[in-house]
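As structure tokens, the structure follows; a few thoughts come after it.
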Amino acid sequence: MIARAKGEPVSIETIVIPDPGPGEAVVAIQACGVCHTDLHYREGGINDDFPFLLGHEAAGVVEAVGAGVTSVAPGDFVILNWRAVCGSCRSCLRGRPWYCFSTYNASQKMRLTDGTELSPALGIGAFADKTLVHSGQCTKVDPSAPAAAAGLLGCGVMAGLGAAINTGGVTRGDSVAVFGCGGVGDAAIAGAALAGAATIVAVDIDERKLEWAKGFGATHTCNSKDADPVEYIKSVTNGNGADVCIEAVGNPAVYRQAFEARDLAGTVVLVGVPRPDMTIELPFIEVFGRGGSLKSSWYGDCLPSRDFPMLIDLYRQGRLDLDGFVSETIALDQVEEAFHKMEQGDVLRSVVVL
Ligand SMILES: NC(=O)c1ccc[n+]([C@@H]2O[C@H](COP(=O)([O-])OP(=O)(O)OC[C@H]3O[C@@H](n4cnc5c(N)ncnc54)[C@H](O)[C@@H]3O)[C@@H](O)[C@H]2O)c1
Ligand SMILES: [Zn+2]
Ligand SMILES: [Zn+2]
């Protein structure tokens, strides 16, 4: 599924995939979720390197590997990740691999049949029967998990789960408030529930989203169109505010609500992605006086090799509802339609099954 030019509808094209070079793998894609970032690429919001091969929330089976690949082998069921941990950059060497910033993608190019180079979305490009990636982008997991559910860990669902568990450090008995209950926010709710949070408040402006949020573990809901979420969160936390407030919209006004709804020494986690022109203004004395921490969460501060197999095990045990994020499964030629549904807020995730 190719985005040829800014704003133009996506189209299905024949592509040419090179044999895997050293350290690389070709993966036969079984399922790939439709994420906002794919739409951002199509809209020219990421860069101008058209044509893009879209799709990056995927699971599939390794078909072939290049020289020197030992971590995966043909036949392995894998989830693809867009931030492979390189092990040798400054962040990795300082013991902070979730900040790894190496571009650890396949070095060879996939192309259109006329030879035009493709830019794979987030170095993956998985709205395709097969794709070429770096072997470090493949994480082997239990093959009994359905690909449509497993692939979601490759992006938004991992971002939300990790925002609660890894970045927010939610633990037993905590109170948690999640602002914005799309796929990412609902995953943060599921993560908070997994970690044992006692109170989980879902905040959104769409009543349908609040209803879905309850299914992932929200104990309370607040429609912030009708009520002040800060007052509401305080009212259900003995007047204190929540231990961990997670912003999953990427909106300065919502960030301010998260900041104000936080208990003394609590944590704010920003997982929603702001636009570059946005700024925030906060009462400086409150930044000081409330202590605690203001954090941001990239990809849920995940380590694919640590987190994907563990979360798939929890899914298989019935303790993590990944299926609940799959609003519909669709064919490759329905991606454009899925973009519209996403914009209308009609789905948590549409997942292409190949
Ligand atoms: N940090 C990361 O690594 C990472 C990864 C993936 C996505 N994201 C970001 O997370 C955010 C959420 O992604 P998503 O896929 O869940 O999107 P989404 O559009 O499905 O969900 C956003 C939700 O926010 C709600 N909302 C909008 N305005 C609101 C407001 N003023 N107050 C309360 N709720 C409001 C919407 O009704 C919707 O339910 C996006 O900014 C996305 O770019 C971050
Ligand atoms: Zn690194
Ligand atoms: Zn994504």
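The values are calculated or read from the model by the stated rules, or taken from the named source; none is laboratory data. Just so you know, these numbers come straight off a predicted model, no measurement behind them. Cβ coordinates were reconstructed from backbone atoms using ideal geometry, including for glycine residues, and neighbour counts include every protein chain displayed. Each accessible area value is taken on the protein alone, full model and side chains, heavy atoms only, with ligands, DNA and RNA left out. Shrake-Rupley method; radii C 1.70, N 1.55, O 1.52, S 1.80 Å.
Among the conditions (1) in contact with a Pro (Cβ under 8 Å, 6 or more places away or on another chain); (2) closer than 15 Å to H134 by Cα, the only one that P74 does not satisfy is (1).
Within the group A149, A187, A126, which residue is within 16 Å of ligand 3 (Cβ to nearest atom) and in a loop (DSSP other than H, G, I, E, B)?
Details: A149 fails: in a loop (DSSP other than H, G, I, E, B); A187 fails: in a loop (DSSP other than H, G, I, E, B).
Result of the check over A149, A187, A126: A126.
Residue count for the range 98-121, restricted to those that are within 16 Å of ligand 2 (Cβ to nearest atom) and open to solvent by 20 Å² or more (accessible area, probe 1.4 Å): 7. Quick one: count up the residues across the range 84-101 that are within 16 Å of ligand 3 (Cβ to nearest atom) and in a helix (DSSP H, G or I). Summing the residues that are within 16 Å of ligand 3 (Cβ to nearest atom) and in a helix (DSSP H, G or I) in the range 84-101 gives 0. Taken over the range 259-295, residues that are within 17 Å of G162 (Cβ to Cβ) and in contact (Cβ under 8 Å) with a residue 40 or more places away in the chain amount to 5. Of the residues making up the range 11-42, those that are assigned to a loop (DSSP other than H, G, I, E, B), away from ligand 3 (no atom under 14 Å from the Cβ) and not polar (S, T, N, Q) are I12, E13, I17, P18, D19, P20, G21, P22, G23. Just one of the numbered conditions (1) within 24 Å of P304 (Cα to Cα); (2) of a type in the set (V, I, T); (3) open to solvent by 10 Å² or more (accessible area, probe 1.4 Å) is not true of T199: (1).
Please count how many residues of the range 43-80 are of a type in the set (A, V, I, L, M), at pLDDT 95 or above and either within 16 Å of ligand 3 (Cβ to nearest atom) or closer than 17 Å to H340 by Cα (or both).
As a first pass, look at the range 43-80 and keep what is of a type in the set (A, V, I, L, M): 46, 53-54, 58-59, 61-62, 64-65, 67, 69, 72-73, 78-80.
Retained after the next criterion (residues that are at pLDDT 95 or above): 53-54, 58-59, 61-62, 64-65, 67, 69, 72-73, 78-80.
If we keep only those that are either within 16 Å of ligand 3 (Cβ to nearest atom) or closer than 17 Å to H340 by Cα (or both) too, we end up with 53-54, 58-59, 79-80.
Qualifying residue count for the region: 6.
Quick check on the range 52-75: of everything there that is part of a loop (DSSP other than H, G, I, E, B), surrounded by 19 or more Cβ atoms within 10 Å (Cβ to Cβ) and within 26 Å of the chain's Cα centre (by Cα), which residue is farthest from ligand 1 (Cβ to nearest atom)? Show your work before the answer.
Restricting attention to the range 52-75, the residues satisfying the condition of being part of a loop (DSSP other than H, G, I, E, B) are 54-56, 66-75.
Then drop every residue that is not surrounded by 19 or more Cβ atoms within 10 Å (Cβ to Cβ), which leaves 54-56, 66, 69, 72.
In the following step, the residues that additionally are within 26 Å of the chain's Cα centre (by Cα) were identified as 54-56, 72.
On the way: L54: 15, G55: 14, H56: 10, V72: 24 Å.
So, considering only residues that are part of a loop (DSSP other than H, G, I, E, B), surrounded by 19 or more Cβ atoms within 10 Å (Cβ to Cβ) and within 26 Å of the chain's Cα centre (by Cα), the one farthest from ligand 1 (Cβ to nearest atom) is V72.
Checking each residue in the range 256-265 for being more than 23 Å from the chain's Cα centre (by Cα) and buried (at least 20 other Cβ atoms within 10 Å of the Cβ) picks out E260, A261, R262, D263.
For the range 224-255, filtering for residues that are crowded, with 17+ Cβ neighbours inside 10 Å and of a type in the set (D, E) leaves 2.
Can you tell me which of A84, A126 is over 13 Å from the mean Cα position of the chain (by Cα), surrounded by 21 or more Cβ atoms within 10 Å (Cβ to Cβ) and over 30 Å from W212 (Cβ atoms)? Lay out the reasoning, then the answer.
Details: A126 fails: over 30 Å from W212 (Cβ atoms).
After ruling out the rest, the residue left standing is A84.
The residue list L53, L93 contains one member that is out of contact with any strand residue (DSSP E or B) (no Cβ under 7 Å at 6 or more places or on another chain) and aliphatic (A, V, I, L, M), which is L93. The residues in the range 27-51 that are among the β-branched types (V, I, T) and within 11 Å of ligand 1 (Cβ to nearest atom) can be counted, and the count is 2. Of all residue pairs spaced 6 or more apart or on separate chains, those with beta-carbon atoms under 8 Å, a first member in the range 46-73 that is under 16 Å from M110 (Cα atoms) and a second member that is crowded, with 19+ Cβ neighbours inside 10 Å and basic (K, R) are F52/R42; L54/R42. It is to be established whether one or more residues within the range 213-223 are among the small types (G, A, S), open to solvent by 10 Å² or more (accessible area, probe 1.4 Å), over 21 Å from G156 (Cβ atoms) and touching a strand residue (DSSP E or B) at 6+ places or on another chain (Cβ under 7 Å). Within the range 213-223 (the criterion being among the small types (G, A, S), open to solvent by 10 Å² or more (accessible area, probe 1.4 Å), over 21 Å from G156 (Cβ atoms) and touching a strand residue (DSSP E or B) at 6+ places or on another chain (Cβ under 7 Å)), the answer is no, since none of the residues qualifies. The number of residues in the range 142-190 being open to solvent by 10 Å² or more (accessible area, probe 1.4 Å) and farther than 24 Å from D204 by Cβ comes to 9.
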